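Asks: Attaching a single structure in structure tokens format; questions to follow.
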Amino acid sequence: MASRYGPWIVANNPSYKLSPSSTGKWIVEDSLEKIKMIFPTLEKLVNERRIPTVKYTHKEDIENDAFPYNPPVLCVYGDDDTKGQMFEELTKLGITPIGWKYDRETTPDWEVGGKLYEESKRQRERFKRSRSLF
């Protein structure tokens, strides 16, 4: 069953073990409408142990969204042994990922000075300025 975790809706199968050294995710950007439409199918695949974890940004709390100007993101997790299978599951559903990213790459991107940290900071400052105009 999916649950809310901060800005994410997450479906996770804790019995699915991924290799910590090669865990990563396929990243998909699409409309929230399309992501919400396809998520129940992905959640079913998680429950069937065909996908370990899937999550998406719900965009319901835009004031606290890390990237208020970006489209929603869907992440489908795997590792080096399963990423090909995860890609096949996505393409069967008509989903085209924009790319694969390892968690070992994501972690430093969120540290102070990292690419995601800095972009999030810029977007949140811009968003706050735009809100103060009204």
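Asks: So what's region 3-102 giving for Cα Rg divided by 2.2 N^0.38 Å, two decimals? Could the numbers behind the result be given before it?
Replies: Working: Rg = 12.9 Å, N = 100, 2.2 N^0.38 = 12.7 Å.
Cα Rg divided by the expected 2.2 N^0.38 Å: 1.02.
Asks: Helix 115-132 sits at what angle to the longest principal axis of the chain, using alpha carbons and giving 0 to 90 degrees rounded to 10?
Replies: For helix 115-132, the angle is close to 40 degrees.
Asks: Output wanted: per-residue J couplings in Hz (rounded whole) for region 68-73, from phi through Karplus 6.51 cos²θ - 1.76 cosθ + 1.60, θ = phi - 60°, x for Gly and Pro.
Replies: x, 9, 8, x, x, 10
Asks: List the lysines whose alpha-carbon lies under 27 Å from that of Lys25, not counting same-chain residues fewer than 8 positions away?
Replies: Partners found: Lys17, Lys34, Lys36, Lys44, Lys55, Lys59, Lys83, Lys92, Lys101, Lys115, Lys121.
Asks: Taking the Cα centre of the chain as origin and charging only Cβ (+1 Lys, Arg; -1 Asp, Glu), how large is the dipole, in debye to the nearest 20?
Replies: Here the size comes out at about 300 debye.
Asks: With angles folded into 0 to 90 degrees, how steeply does helix 83-92 sit against the dominant principal axis of the chain? Use alpha carbons for both and round to 10.
Replies: With rounding to tens, the tilt is 80 degrees.
Asks: Pick from Thr82, Thr41, Thr57 the residue whose mean-square fluctuation is largest in a GNM of the chain, springs joining Cα atoms under 10 Å.
Replies: Among Thr82, Thr41, Thr57, the largest GNM mean-square fluctuation belongs to Thr41.
Asks: How fast does region 45-112 diffuse by Stokes-Einstein, in µm²/s, taking the Kirkwood radius from C-alpha pairs at 10 °C and 1.306 mPa s?
Replies: 116
Asks: Taking the Cα centre of the chain as the origin and placing charges on Cβ (Lys, Arg +1; Asp, Glu -1), which of Cys75, Ser130, Leu42 is farthest toward the positive end of the dipole?
Replies: Ser130
FYI, it's all coordinate maths here, none of it is from the lab. Just so we're clear, the structure is a prediction, and the values are computed from it rather than from any experiment. Note that each Cβ is placed from the backbone with ideal geometry, even for glycine, and that neighbours are counted across all protein chains shown.
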